[in-house]
């Protein structure tokens with residue numbers, strides 16, 4: 001903890017460095033040390049400094065000014081990191097766009113960022129060009145190829161670009177989060193928040209040492225990959241080995257060739273590794289610590305013992321939340337304890353009625369705190385003033401920002417951030433994740449907004465009405481998407497497939513239930529809980545059921561359902 005205090009104090013006093021400034025300090029202290037690598041692409045700290053300078057020159061030449069936004073649509077790579085830091089160097093904010101987005105969701109993501117310039121890899125340029133209306137509204141589209149250093153930045157001046165002055169509270173990046181109210185929303189991450197994430201996770205969660213190296217396979221457009229991976233490594237001056245996407249078969253080969261001692265995970269990644277055939281290089285391996293979230297209690301001991309990993313450190317957090325929980329003790333299945341005994345009500349669990357989709361309140365109208373063992377929604381108190389990067393900055397959409405807040409919660413005048421998650425805690429004060437609430441569920445390591453999926457389906461003129469829910473599938477992490485639809489006439493699975501194909505693969509419903517009507521409450525809300533309880537077992541659901549395959553949607557037969565439950569048919 002002592003190592004983090006100087007960072008936190010400087011943050012609180014508004015004298016915090018930006019992540020770019022930390023990287024430039026690293027270049028002064030250890031210019032020839034490795035910073036980032038992926039296959040044959042390597043950047044030392046001095047090369048990071050020169051690349052960010054050339055990127056800033058290029059952006060300034062394209063008309064980017066301080067305070068503006070540059071959208072980044074590109075695969076993970078060392079250049080990606082340098083590009084984001086280069087955007088910061090010119091004084092702009094980088095909007096990190098999900099590379100899986102296509103069509104309307106991609107258009108929305110760029111429009112919501114208010115970016116006038118997009119930096120895009122040549123492999124993703126066709127997807128961007130398909131969004132014709134958005135492209136017409138942009139000032140510039142900057143495309144780079146497989147050798148961006150020589151070709152894209154080749155003509156940039158070599159004289160160092162003076163870093164634009166920034167304040168701790170200025171926006172550093174936008175990271176998109178799928179909420180309950182529609183398409184992805186840009187969540188505002190300040191320079192202070194990025195520093196706090198890195199300075200906290202580096203020494204506390206990873207306990208980085210001088211000879212460490214982090215292996216990161218998580219996408220860099222996500223908070224975990226960029227803030228809890230890259231930022232933690234930068235603040236600790238530890239190199240990062242990157243892979244564009246996770247591969248179970250290549251994982252241990254990569255760990256050995258990069259000599260990685262630390263890994264960043266999501267629960268789905270651990271499950272894939274545990275369920276994979278034995279790999280000749282899985283033991284012995286150099287990994288001593290694994291940090292991440294979403295690791296299932298039944299997978300945790302198998303993951304740790306099979307691969308001989310000494311420390312597994314789980315955490316709970318949300319991109320926009322003004323706080324997080326960290327498990328430093330190794331208590332299996334727990335996301336950790338609320339820091340410092342709860343900080344006088346900083347994080348609390350409130351009783352929640354799942355069937356009525358609302359908080360349970362006392363006769364004064366206040367929320368009721370949960371007792372040990374009782375599941376409730378995690379609420380995080382919003383500080384009245386900025387506190388070292390833990391303030392709630394919300395989204396670029398002011399209405400969406402307000403919808404995440406509750407006022408007069410436990411007493412008159414207090415204000416809390418809604419996590420949207422159910423947790424419980426035990427008598428020892430350890431917290432455990434229980435489930436998501438309502439209209440967002442997690443699948444393939446991604447948060448899926450049911451409203452976003454329903455919005456796309458609603459534009460299919462073959463569907464009169466639809467609702468989306470997440471349902472558990474035996475032996476699989478997270479929840480699979482189920483679309484309950486009321487068709488206009490006969491349901492056409494091919495037409496439905498074409499409609500949802502513009503969604504990212506993880507957001508495309510895994511199951512479809514064709515119904516004659518959707519049951520609703522007296523206030524016209526769809527009775528989603530009934531659909532969740534009924535599930536998709538063909539032996540108990542009379543309506544026609546379909547399952548997503550590699551080529552579209554096919555009827556879900558009892559035989560197929562058995563194959564899914566026993567792992568022979570992957571979703």
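The values are calculated or read from the model by the stated rules, or taken from the named source; none is laboratory data. Owing to the predicted nature of the structure, the values given are computational and were not obtained by experimental measurement. Note: ideal-geometry Cβ built from the backbone for every residue, glycine included; neighbour counts use all protein chains shown.
With respect to residue 290, is the statement that it is over 16 Å from residue 198 (Cβ atoms) and in contact with a strand residue (DSSP E or B) (Cβ under 6 Å, 6 or more places away or on another chain) true?
On the way: over 16 Å from residue 198 (Cβ atoms): yes; in contact with a strand residue (DSSP E or B) (Cβ under 6 Å, 6 or more places away or on another chain): yes.
Judged against the criteria, residue 290 is a match.
For region 300-310, state whether one or more residues are in contact with a helix residue (DSSP H, G or I) (Cβ under 8 Å, 6 or more places away or on another chain), farther than 19 Å from residue 254 by Cα and in contact (Cβ under 8 Å) with a residue 60 or more places away in the chain. Within region 300-310 (the criterion being in contact with a helix residue (DSSP H, G or I) (Cβ under 8 Å, 6 or more places away or on another chain), farther than 19 Å from residue 254 by Cα and in contact (Cβ under 8 Å) with a residue 60 or more places away in the chain), the answer is no, since none of the residues qualifies. Residues in region 344-352 include none that are within 23 Å of the chain's Cα centre (by Cα), surrounded by 17 or more Cβ atoms within 10 Å (Cβ to Cβ), within 27 Å of residue 203 (Cβ to Cβ) and in contact (Cβ under 8 Å) with a residue 60 or more places away in the chain. Within region 244-263, none of the residues are touching a strand residue (DSSP E or B) at 6+ places or on another chain (Cβ under 7 Å) and under 23 Å from residue 190 (Cα atoms).
Once region 455-480 is narrowed to residues that are surrounded by 19 or more Cβ atoms within 10 Å (Cβ to Cβ) and in a helix (DSSP H, G or I), the residue that is farthest from the chain's Cα centre (by Cα) is 457. Any chance region 201-213 includes a residue that's assigned by TED's automatic domain parsing to the domain that holds residue 42, surrounded by fewer than 20 Cβ atoms within 10 Å (Cβ to Cβ), in a helix (DSSP H, G or I) and modelled with pLDDT under 95? Scanning region 201-213, I find at least one residue that is assigned by TED's automatic domain parsing to the domain that holds residue 42, surrounded by fewer than 20 Cβ atoms within 10 Å (Cβ to Cβ), in a helix (DSSP H, G or I) and modelled with pLDDT under 95, so the answer is yes.
In this structure, does residue 401 turn out to be modelled with pLDDT under 90 and under 21 Å from the mean Cα position of the chain (by Cα)?
Working: modelled with pLDDT under 90: yes; under 21 Å from the mean Cα position of the chain (by Cα): yes.
For residue 401, the condition - modelled with pLDDT under 90 and under 21 Å from the mean Cα position of the chain (by Cα) - is met.
Just one of the listed residues (329, 334) is modelled with pLDDT of 75 or more, within 21 Å of residue 442 (Cβ to Cβ) and outside any strand (DSSP E or B), and it is 334. Note on region 252-262: residues that are outside any loop (DSSP other than H, G, I, E, B) and surrounded by fewer than 24 Cβ atoms within 10 Å (Cβ to Cβ) total 7.
When the residues of region 316-326 are filtered to those that are surrounded by 21 or more Cβ atoms within 10 Å (Cβ to Cβ) and not in a loop (DSSP other than H, G, I, E, B), the one that is modelled with the lowest pLDDT is 324. Put simply, of 547, 541, 536 the only residue that is touching a strand residue (DSSP E or B) at 6+ places or on another chain (Cβ under 8 Å), modelled with pLDDT of 90 or more and part of a strand (DSSP E or B) is 547. Only a single item in (1) without any contact (Cβ under 8 Å) to a residue 40 or more places away in the chain; (2) under 13 Å from residue 239 (Cα atoms); (3) surrounded by 24 or more Cβ atoms within 10 Å (Cβ to Cβ) is not met by residue 87, and it is number (2).
Each residue in region 34-90 was checked for being in contact with a helix residue (DSSP H, G or I) (Cβ under 9 Å, 6 or more places away or on another chain) and at pLDDT below 95, and 0 of them qualify.
Does region 125-135 hold any residues that are under 24 Å from the mean Cα position of the chain (by Cα) and over 10 Å from residue 102 (Cα atoms), and which are they? 125, the sole residue that qualifies. Residues satisfying the criterion are present in region 394-412 (criterion: part of a strand (DSSP E or B) and surrounded by 19 or more Cβ atoms within 10 Å (Cβ to Cβ)). For the residues 434, 409, 382, 448, the requirement of being at pLDDT 80 or above and touching a helix residue (DSSP H, G or I) at 6+ places or on another chain (Cβ under 8 Å) singles out 448.
Test of understanding: among 192, 241, 197, 168, which residue is buried (at least 22 other Cβ atoms within 10 Å of the Cβ), assigned by TED's automatic domain parsing to the domain that holds residue 84, in contact with a strand residue (DSSP E or B) (Cβ under 8 Å, 6 or more places away or on another chain) and closer than 30 Å to residue 68 by Cβ? Reasoning before the result, please.
Numbers: 192 fails: in contact with a strand residue (DSSP E or B) (Cβ under 8 Å, 6 or more places away or on another chain); 241 fails: closer than 30 Å to residue 68 by Cβ; 197 fails: in contact with a strand residue (DSSP E or B) (Cβ under 8 Å, 6 or more places away or on another chain).
Result of the check over 192, 241, 197, 168: 168.
Against the criterion of being over 30 Å from residue 238 (Cα atoms) and either buried (at least 22 other Cβ atoms within 10 Å of the Cβ) or modelled with pLDDT under 95 (or both), residue 140 does not qualify.
Checking region 484-494 against the condition returns a match, with at least one residue being part of a loop (DSSP other than H, G, I, E, B), touching a strand residue (DSSP E or B) at 6+ places or on another chain (Cβ under 6 Å), outside the structural domain of residue 105 (by TED's automatic domain parsing) and modelled with pLDDT of 90 or more.
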